[in-house]
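Asker: Got a structure for you, written out below as structure tokens; questions coming shortly.
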């Protein structure tokens, strides 16, 4: 009897370790399927499949499997964080709006899917990823997959006149151009150019953050390629945000640390910038930049298409606020601002700015918990920078990206809720939370 008890006690740790490894490997496998299916959806969907989008099916099945595992493990998941609670609250609000809304249930369910389906990957990663190495591999997968798409986006722009249409834009969107030019906006085959530009911002933010913490030639090259990918999206918001992120990263890098090292980097950075400006001015490069299409035609809206786009943004904002003032509490109905809605057949829908579209659909009843959900996720990333120590760059990159979306892009486009940016963001966010939990567990186990 004593021998059996001793044998069971010795075998228990092995069983626990084996179970932990299985959960960790399952979490990694599902994350790989989800990230690859989403990032390369445009290429995967080129495969003939009798009308079925293979990439969409694969990524959605991966998230569904994650949700099923979370439900099975529900009693054993552990501490729930504030962003998870606000996500649950937002889901309950959506269910209430679903029951009372004017749209068919399939359209309303698609609206819930676009808001809350892919964040399941973050909860899954936070609870099921148990090893630091696994979490870092997931983040690397997101970053290198995104970098490959950014490089492809640059190639789309360079060879735009010779590439076939099926390599320039996916089947669920169309090619954007500018009046009087041969410029076409790259898509990376991940969606329209807005979704592509938003995705590029996330990838750029992560590579810039890594460059600040762990500078290397390869990291700097990745930053340059990612910024190039954002530029060829020709999205004003993404370009402005990308340049802002690059400037912020340079400031962070120069001022990180203490003592003479930081001071030397600041002085050297200012000196290099001053010399670069003088050289550019002497060769007339500043005038060339000021007269370029991106600065003059796009940002200053001297191009007719860009000017019409800017006017359209203002019209969307005015229409959204007018509808909101008429339906401030519960909005006009979940899914009504979708292009697939019944409302779209007879009324103008709000597609610019996710703040506007969600306020119009669900009023303050939806808008408040949704902002609390996204805001609490942003604060979760901010709080994770210091505890992650050497890997704090992951949290810093996510903070930078969320700042561009919550403080700027949310008023101009809905790219944040595009499928590919959402998948990449929430998978990375979940890996970041997992890293924080792993670090806390290690500290607790080492405490006397």
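Asker: Over the Cα atoms of the chain, what radius of gyration and what Dmax do you get, in Å?
Answerer: Using the Cα atoms of the chain, the pair Rg, Dmax is 23.6, 90 Å.
Asker: Continuing with the same structure: Which distance in nm do the two modelled labels at residue 171 and residue 240 give, with both placed 7 Å along the Cα-to-Cβ direction?
Answerer: 3.7 nm
Asker: Now for a separate question. Show log10 I(q)/I(0) for the range 334-378 at q = 0.14 Å⁻¹, two decimals, from a solvent-free Debye sum over equal Cα scatterers.
Answerer: For the range 334-378 at q = 0.14 Å⁻¹, log10 I(q)/I(0) is -0.35.
Asker: Suppose R0 equals 41 Å. What FRET efficiency, 1/(1 + (r/R0)^6) with r the Cβ-Cβ distance, do residue 57 and residue 132 give to the nearest 0.05?
Answerer: 0.80
Asker: Further question: Using a simple spin-label model with points 7 Å from Cα along the Cα→Cβ vector, what separation in nm is obtained for residue 182 and residue 288?
Answerer: It is 1.9 nm.
Asker: Across every pair of different alpha-carbon atoms, what Kirkwood hydrodynamic radius in Å does the range 42-196 reach?
Answerer: 18.7 Å
Asker: For q = 0.10, 0.19, 0.20 Å⁻¹, what log10 I(q)/I(0) does the range 307-448 give under the Debye formula with an equal point scatterer on each alpha carbon and no solvent?
Answerer: Reported log10 I(q)/I(0), two decimals: -0.44, -1.08, -1.15.
Asker: Return the FRET efficiency for the residue pair residue 109, residue 274: r is the Cβ-Cβ distance, R0 is 51 Å, and the value is rounded to the nearest 0.05.
Answerer: Once rounded, the FRET efficiency stands at 0.35.
Asker: Over the chain, what is the relative contact order in percent, taking alpha-carbon pairs closer than 8 angstrom and at least six residues apart?
Answerer: This gives 24 percent for the chain.
Asker: Also: Two decimals, Cα atoms only, Kirkwood Rh: what is Rg/Rh over the range 274-387?
Answerer: 1.20
Asker: When the gyration tensor of the range 110-256 is built from Cα positions, what are the square roots of 5 times its three eigenvalues, in whole Å, from largest to smallest?
Answerer: 27, 21, 14
Asker: Note the full-extension length gain between residue 304 and residue 163 as 0.36 nm times their separation in residues minus their Cα-Cα distance, in nm to one decimal.
Answerer: Full extension from residue 304 to residue 163 adds 48.2 nm.
Asker: On alpha carbon coordinates alone, what is the Rg over Rh value for the range 25-77, Rh being the Kirkwood radius?
Answerer: 1.10
Asker: Let me ask something additional. What nm value, rounded to one decimal, do you get for the distance between residue 348 and residue 379 when each label is placed 7 Å out toward the C-beta?
Answerer: My value for the distance between the label points is 3.7 nm.
Quick note: the coordinates plus some simple rules give every number you see, no bench work behind them. This one's a predicted model, so the numbers in the text were calculated from it and none came from an experiment. All Cβ positions, even for glycine, are placed from backbone atoms using ideal geometry, and neighbour counts span all protein chains on display.
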